[in-house]
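Following this message is one structure expressed as C-alpha cells.
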C-alpha cells in the first residue's frame, strides 16, 4: 500500500484529499496545513509520496522551502496547482517535484499519478509538454508493450484517466457510445488490465497518458 502525507492550507481540502485517498486504497500517514510544519514528518515518517495542495500558497516561498529542504529529492512530491505555466513547471522539476495536477483531480487521475511518481515517473499537465518525462530510472516505452495502442485508443485512455464514462468519451470524440465501449475493451485487452482504473495505472507507468 502506498503511504502518502498531505499538505493543504484549507481544512476542507485536507479532509477531501484524505477521503479520496482512503477510497482509492492509499494510506494517509498524516496531514498538515503548512509545509514547514510537516518538515519533521518528511524525515521521521515512512513515506512513499507527498501530496501538496499549493492552491493557496505563495509559490515563491514554497519553492524556496523546497530548495532549502531538498525534500522533493528525498520523496516523490505531487503538487496540486490551479495553473501550470511552463516556467513554473520547469522550476518545480528542477527542485525535484515529480507530479503536477489540477487542484481537484479525478480519483483515477490522482491514483494513477501517485502510482507513477513512486515508480520514478514524472506526471505533467498536458499543456506542459507533448510527452511525459521520466526521472532517472527506466520506464517501458509504448512500442515495447505487447500490442501498442492506436492513436484513437490513446485518446480514449486519456479520457478514462479524466474519469469519463463511455457516453462522455463518445461525446468528446464524436463517436458512438458503442464504439467508445469497443475502444475501452480493446485498451483493457492490450494492456492486460482487469479494470478501467488498472488500465489508467498501466498507462501512466508506460508514459501513455498526459493529465
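Derivation of every value follows stated rules applied to the coordinates shown; laboratory data play no part. Just so it is clear, the model here is predicted, and its values are computed rather than measured. Cβ: placed from backbone, ideal geometry, glycine included. Neighbour counts: every protein chain shown.
What is the angle, in °, between the Cα long axis of helix 59-69 and the longest principal axis of the Cα atoms in the chain? Nearest 10 is fine, range 0 to 90.
The answer is roughly 70 degrees.
If R₀ is 22 angstrom, what is the calculated FRET efficiency for the pair residue 90 and residue 64, using the beta carbon separation as r and rounding to 0.05? Present the calculation step by step, with values, prior to reporting the outcome.
On the way: r = 16 Å, r/R0 = 0.73.
The value I calculate is 0.85.
Under 1.5 on a/c is rounded, so check that first for the stretch 1-77, then, if it is not, pick prolate when a/b is larger than b/c and oblate when it is not; a ≥ b ≥ c are the square roots of the alpha carbon gyration tensor eigenvalues.
Oblate, since a/c reaches 1.5 and b/c is not below a/b.
For the chain, take the longest principal axis of its alpha carbons; what is the angle in degrees between that and the long axis of helix 151-161, to the nearest 10 within 0 to 90?
It is inclined by approximately 50 degrees.
Another one. Contact order normalised by length for the chain, with contacts defined as Cα pairs under 8 Å and 6 or more residues apart; what percent is it?
Relative contact order comes out at 17 percent.
What is the ratio of the Cα radius of gyration of the chain to 2.2 N^0.38 Å, with N the residue count, to two decimals?
Here the Cα radius of gyration is 1.02 times the empirical estimate.
Still on this structure, please answer the following. Relative contact order of the stretch 142-205, please, whole-number percent, based on alpha carbon pairs below 8 angstrom and at least 6 residues apart.
This gives 35 percent for the stretch 142-205.
May I ask for the angle, rounded to the nearest 10°, between helix 196-205 and the longest principal axis of the chain, with both axes built from Cα atoms and the value confined to 0 to 90°?
It works out to around 60 degrees.
GNM on the chain, C-alpha springs below 10 Å: top fluctuator among 94, 14, 158?
Result for the chain, Cα springs under 10 Å: 94 fluctuates most.
Test of understanding: what is the full-extension gain from residue 10 to residue 150, defined as 0.36 nm times their sequence separation minus their Cα-Cα distance?
This chain segment gains 46.2 nm when fully extended.
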